[in-house]
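The values are calculated or read from the model by the stated rules, or taken from the named source; none is laboratory data. This one's a predicted model, so the numbers in the text were calculated from it and none came from an experiment. A quick note on method: Cβ atoms are made from the backbone with ideal geometry, for glycine too, and the neighbour counts reach across all protein chains shown.
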Amino acid sequence: MTTSAISLPQPVCVPETKLWLDMCAWTVRAGFPSPAADHTRKRIDLNEHLIRNKEATFIFRVKGDSMSGIGIYEGDELLVDRSIEAKHGNIVLAVLNDDFTVKRLYRRGGVVKLIAENPLYPPITLKDGEELLIWGVVTRNLHKLY
Amino acid sequence: MARAHVQALALVDCNNFYVSCERIFRPDLARVPMVVLSNNDGCVVSRSNEAKALGVKMGQPWFECQPLAQAHGILAMSSNYALYADMSNRVMRILGEFSPNQEVYSIDESFVDLTGTPNLREVSYAMRERVRMWTGMPVCVGIGPTKTLAKLANHVAKKHPRSQGVFNYNALTDAQKAALLQRIPVSEVWGVGRKLTQRLLAHGVETVLDLREAHIPSLRAEFGVVMEKTQRELQETPCIQMEEVAADKQQIIASRSFGSMVTDLPVLKDALSTFVANACAKLRAQNSQAAVIQVFLQTNRFRKDLPQYSPSLAVPLPQPTHDTLVVNRWADALCERMFREGYQYKKAGVMLSELSPVTHQQGDWLEASPPGHSKLMQALDHLNARYGRGAVKVSTQGAYQGWQMRQERKSPNYTTDWDDVPVV
């Protein structure tokens, strides 16, 4: 859809739109109708599955290729949860020098680093006087395949 | 007064709400003096602390601030109601988890009943910290035995850095209370506006303490029953309920308690449509239109034996409107979204906010085009061709009369529009 300056008169509230998928208890065999077809269980709510805390979860779009080594590519959409306390090894959305950046958080023995997942980008070690703010922890990557 | 039943009402208020919303997604603006402007970029409706310190006044027309803005590099942004409504909903839901009795008072304020909560101080700080961590929104918490005193306590929490954002009036001794109230000008009391302040001053009432101690019969004779209620609230007797709050000019509330508990969605919707009709009639009577609608439902908080659920949801209207039918559609949609089976609802209401005058915008539109509809239709066709069929429809309800609202400095809809999610 094109971004338009005119919004349509529809309530917008992204995190609550339910997306239903059938969850089945059987494996699919091609070419043969399953006798278990009537036993469809409750439907999956994709929001529930992807978002552990909807009040604290925000969506960001990736720019650049510094995390391509773990499959985060330009244009991907990241779910960022602010309610998680960032730990060593987490992929985080950080604010460094007033700018957003997505990196792996390294925090060991008093050393704090932001590590890219691409050999072209050297790790960023925090210099004296530099302030690092963890905006949130990246919990999911939505990568478009089609 | 029955001391055993002293309420602990918390008023949680977001600091510089609109500016804070913008900064959450723009870390580069964290220390930049900035303001957010009203509809049509007219007046200052939210100021960062830096802008306050530079002397920018609340409600000041932006053109008046130009010399100051240029000298100090004050940044101005247009209102982004989609963003503010979403952030407000997040904050309100988080606060709602701290008590079954929550009353969302405006887009950035909520009463939370913490009566009977042990460790009030810890809970207040936890509430503040959770909202800050989960949403990035800084809030202050004021606690008092009545709404008026909770409001006042919130003012103290905001003004005094030493409070670290939380102030509990209930924890003071009588002497401390008197000393505090004596230091606060009467104009800070909830519901006491500029005109009332002048009249109170003429009667020798300068401080909040003066008002609390004023001679009751004289006060009632001169200022009426509303002021008497305010006084009694200052004396720690609760008497202001939600529906009695006199809405300020920037907000119209229509809400009522039901005669009997309501459990069905159609009945709730029916009630809401009446509230919408009332609120819109008020809007039109004062010739304004609203940009944000908020709907709330409440179960009976005095029936502790029943499950409690008091949701509230705000959305920006696509265009500011005063049209009953348009607003009703939204109230319906919000009600449906919040409604849950199995609860007995005692009360519901509609809040219309971010009001602006109607004439102004219609004038712009008519001036820009010759009389008749042909130009209008051309414009519609053009827009539909450009943005896709159905992007703009002809509405008999006049929903689009303000479509040319000026928002030249608006931030993207970071949280409500896939095409606008922030890039990192």
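Screening B:Asn278 against (1) modelled with pLDDT under 90; (2) in a loop (DSSP other than H, G, I, E, B); (3) surrounded by fewer than 21 Cβ atoms within 10 Å (Cβ to Cβ); (4) not β-branched (Val, Ile, Thr) leaves a single unmet condition, (2).
Pairs are defined by a Cβ separation below 6 Å, a sequence spacing of at least 6 or placement on different chains, a first member in segment A:132-145 that is at the interface with another protein chain (Cβ under 10 Å from one of its Cβ atoms) and surrounded by 17 or more Cβ atoms within 10 Å (Cβ to Cβ), and a second member that is modelled with pLDDT of 95 or more and not in a strand (DSSP E or B); the pairs so defined are A:Gly136/A:Arg82. Each residue in segment A:50-77 was checked for being within 26 Å of B:Asp86 (Cβ to Cβ), surrounded by fewer than 19 Cβ atoms within 10 Å (Cβ to Cβ) and within 9 Å of chain B (Cβ to nearest Cβ), and 5 of them qualify. Candidates in segment A:78-90 are the residues that are within 12 Å of chain B (Cβ to nearest Cβ) and not in a strand (DSSP E or B); of these, the one that is nearest to B:Leu83 (Cα to Cα) is A:Arg82.
In segment A:96-115, the qualifying residues are those that are without any contact (Cβ under 8 Å) to a residue 40 or more places away in the chain and among the β-branched types (Val, Ile, Thr), and the one that is surrounded by the fewest Cβ atoms within 10 Å (Cβ to Cβ) is A:Val111.
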